[in-house]
Amino acid sequence: MTEIQKELPTIKVYAYNNGKNPVFVDKKGKTVKYEQLTKKQKQLYNDLKLVQYDSTTGNQYLYKTKFFNVVK
C-alpha cells in the first residue's frame with residue numbers, strides 16, 4: 001500500500017473517463033487520465049482494485065495473511 005501512495009496519482013472520486021477508467025490527480029493538481037499512467041502505475045492501480053474487492057466484497061483472503069500488518 002505504501003508503494004501505491006508513492007507511485008500512483010490520487011484517484012478523483014466519481015470522475016471517470018469514458019465511463020470506464022478513473023481519472024487521477026497528480027501532486028501538482030493536474031488531471032491525469034488512466035491512459036497516461038505508466039505501465040507500473042497501471043499495475044499498481046489494478047492491484048489496488050483487487051485489494052479493495054477482497055476487502056469489501058470478496059472472501060477477505062488478505063486478512064488471513066500478514067498483508068495488513070504494519071512494519072515498525
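Each value in this text was obtained by applying a stated rule to the coordinates, not by laboratory testing. What you see is a predicted model, and the numbers here were worked out from it, not measured in a lab. Glycine also receives a Cβ, built like all others from the backbone with ideal geometry; neighbour counts cover every protein chain displayed.
Per residue of region 62-68, in order, report the coupling 6.51 cos²θ - 1.76 cosθ + 1.60 (Karplus, θ = phi - 60°) as ³J(HN,Hα) in whole Hz, putting x for Gly and Pro.
5, 5, 8, 10, 9, 4, 8
Apply 1/(1 + (r/R0)^6) to the Cβ-Cβ distance of GLU3 and GLN52, taking R0 = 25 Å, and write down the FRET efficiency to the nearest 0.05.
0.95
To test your reading of the geometry: what angle, between 0 and 90 degrees and rounded to tens, separates the Cα axis of helix 39-56 from the longest principal axis of the chain?
Taking Cα atoms only, the helix is inclined about 50 degrees.
Pull up all non-local amide H partners of LYS12: gap of 5 or more, or a different chain, and H-to-H distance under 5 Å with H placed in the peptide plane.
It is VAL23, PHE24, VAL25, by chain and number.
Which residues does the label zone of TYR63 cover in region 43-57, counting backbone N under 15 Å from a point 7 Å along Cα→Cβ?
From region 43-57, the list is 51-57.
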